[in-house]
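The values are calculated or read from the model by the stated rules, or taken from the named source; none is laboratory data. From a predicted model like this one, the values you see are computed outputs, not experimental measurements. Quick reminder, even Gly has a Cβ in these numbers, built from the backbone with ideal geometry, and neighbours come from all protein chains shown.
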Amino acid sequence: TLLVEAQHICVQYNDHTAVNDVSLSINKGEIVTLIGPNGAGKTTLVRAILGLAPISSGLLTKKPALSIGYMPQKLQIDSTLPVTVNRFLALASRHGSNIEDALALVGIAHLSKKPIQAISGGELQRVLLARAILRQPELLVLDEPAQGVDITGQTELYALIKQIRDQLGCGVLMISHDLHLVMAATDNVICLNQHVCCSGHPETVSNDPA
Ligand code: ADP
Ligand code: ADP
């Protein structure tokens, strides 16, 4: 099943082209990774796919009523308000989704009663992943899920994402900085920089598209 198809997408901010002629497709059960240097347009492309940034040209097609679980790059946590992991997730939960199940799936069931301010960077990324899963997504969109996680933790996190894909059968679109780290966890890589877009199997795409 085709979840998203982008054909020759451009996103323009005033005179500046943030995304230039990018085409990609994401199928059910497929992990697609966007890779490229800072400012290459990765987040803008993701926001365009989410409907949060306007497309200036090209065609974006989505499966009707596509449910998306989005893990944004940055999260502001109000440090003055003590809230447990459980409560934090309850605030984001819809359709009575099971928070305990989501926490178990991301491997942090033991943290449910802990204040969210007291957990580590790697654990927080798993909480955010759990929050995205609570949307019962057909498509998971992850903006640098491994950010702020140590190198061992990054490998584990990408393995976890693959495991979640296997278990939920969802499609995944994620942004990463490191092709080597995501290699084992991705089916397809879209490599962006300001001028070029290339795509292919992870072993055939270089970190430097130019
Ligand atoms: P990446 O995620 O690959 O680092 P971004 O998508 O964040 O890249 O940014 C791509 C380009 O678009 C950058 O040059 C950035 O400055 C610009 N840009 C991003 N968002 C906006 C915005 N809201 N208004 C104007 N320019 C923006
Ligand atoms: P605002 O900027 O108005 O506060 P948000 O950035 O919170 O809006 O959300 C923008 C859109 O993204 C909304 O349509 C919202 O439903 C959706 N959204 C926000 N968080 C998630 C998430 N975790 N998973 C899926 N969709 C989300």
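Overview of results
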{"quantity": "Tabulated pairs, the stretch 33-58, first of a type in the set (D, E, K, R), second within 16 Å of ligand 2 (Cβ to nearest atom), C-beta under 6 angstrom, 6+ apart or interchain", "calculated": "LYS42/ILE175; ARG47/ALA53"}
{"quantity": "Members of the stretch 116-143 that are in a loop (DSSP other than H, G, I, E, B) and either within 16 Å of ligand 1 (Cβ to nearest atom) or not hydroxyl-bearing (Ser, Thr, Tyr) (or both)", "calculated": "ILE119, LEU134, ARG135, GLN136, PRO137, GLU138"}
{"quantity": "Top-ranked residue in the stretch 147-174 [being at pLDDT below 95 and within 14 Å of PRO72 (Cβ to Cβ); ranked as surrounded by the fewest Cβ atoms within 10 Å (Cβ to Cβ)]", "calculated": "GLY148"}
{"quantity": "Tally of residues being free of Cβ contacts under 8 Å to residues at least 40 places away in the same chain and away from ligand 2 (no atom under 16 Å from the Cβ) across the stretch 97-138", "calculated": "18"}
{"quantity": "Filter pass, LEU160 being outside any loop (DSSP other than H, G, I, E, B), touching a Cys at 6+ places or on another chain (Cβ under 9 Å) and within 29 Å of SER93 (Cβ to Cβ)", "calculated": "no"}
{"quantity": "Residue list for the stretch 10-32, filter: away from ligand 1 (no atom under 13 Å from the Cβ) and either of a type outside the set (D, E, K, R) or within 18 Å of PRO145 (Cβ to Cβ) (or both)", "calculated": "SER23, LEU24, SER25, ILE26, ASN27, GLY29, GLU30, ILE31, VAL32"}
